[in-house]
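Notes follow once the structure below has been shown.
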Amino acid sequence: MQYPDTESEIMALARLVIDGLRQLGAELPAPPVPVEELQARVDRAHAATTDAVVATTALRERHAVKDDAISAVVDATKADLRYAEVVFRDHPERLSQLGWGPRRNGSSLDAPGEVRDIRIVGEGDTWVTLRWNPPVDGGSVGAYKIQRKTKDAGTWEDVGGSVDTVETLSHQPRGIEMEYRVVAVNKAGIGQPSATATVVL
């Protein structure tokens, strides 16, 4: 048999070993790791796993709260700027006092800016879910390209695309430390790649 490589299988095997050691105590009187110590390690691993799940859930919730708060700021500032554009339509230079300027000519389009805050919000044996925030500068985003490579080596390759700011990638390699990044694109070109998010499935 081959030793398992997923957490659930490892924990299941450890419990079987514990049960077997207890039943075969007379025949296996001196295992290198006594059954009590193995049980204690299993208990600690179970508690640590539970803590990690709770922490991941809490972090996901905090990110959602932050994203909602930023969205509320975006809505509010856009509303005020639209109002100011109407009031100062004959004097657009006044918009500079709000850190703004006249609307650009609709015929020009800039490439998007850098995608922000990429993070991993879910993972499984062969899948990973990424979430990110759109650029705050540059032209409007048409779509996002998701790229990956092995940690500290390899060449970036396109592995997915999205018009949203979250995407689940399936059939991902297991047991290899992978880096993921996201690039915004539109008709004008490709934006600056995001920072990277790293995971081992």
*Could you identify the single residue in Gln147, Gln97 that is outside any loop (DSSP other than H, G, I, E, B), closer than 13 Å to Val183 by Cα and either touching a Leu at 6+ places or on another chain (Cβ under 9 Å) or polar (S, T, N, Q) (or both)?*
Gln147
*Quick check: is even one residue across segment 125-136 farther than 30 Å from Ile176 by Cα and either in the same structural domain as Ala52 (by TED's automatic domain parsing) or modelled with pLDDT of 85 or more (or both)?*
yes
*Please state which one of Val121, Val86, Val65 is out of contact with any strand residue (DSSP E or B) (no Cβ under 8 Å at 6 or more places or on another chain), closer than 30 Å to Thr168 by Cβ and not in a loop (DSSP other than H, G, I, E, B).*
Val65
_The one condition in (1) surrounded by 11 or more Cβ atoms within 10 Å (Cβ to Cβ); (2) outside the structural domain of Ala195 (by TED's automatic domain parsing) that Asp90 fails to fulfil_ = (1)
*Any residue in segment 97-114 that is of a type in the set (A, V, I, L, M, F, W, C), at pLDDT 90 or above and surrounded by 13 or more Cβ atoms within 10 Å (Cβ to Cβ)?*
yes
*Has segment 155-174 got any residue that is modelled with pLDDT of 95 or more, more than 30 Å from Tyr3 (Cα to Cα), out of contact with any helix residue (DSSP H, G or I) (no Cβ under 7 Å at 6 or more places or on another chain) and assigned to a strand (DSSP E or B)?*
no
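The values are calculated or read from the model by the stated rules, or taken from the named source; none is laboratory data. All of these numbers come straight from a predicted model, not from anything done at the bench. Cβ sites come from the backbone with ideal geometry, for glycine too, and all protein chains shown count toward neighbours.
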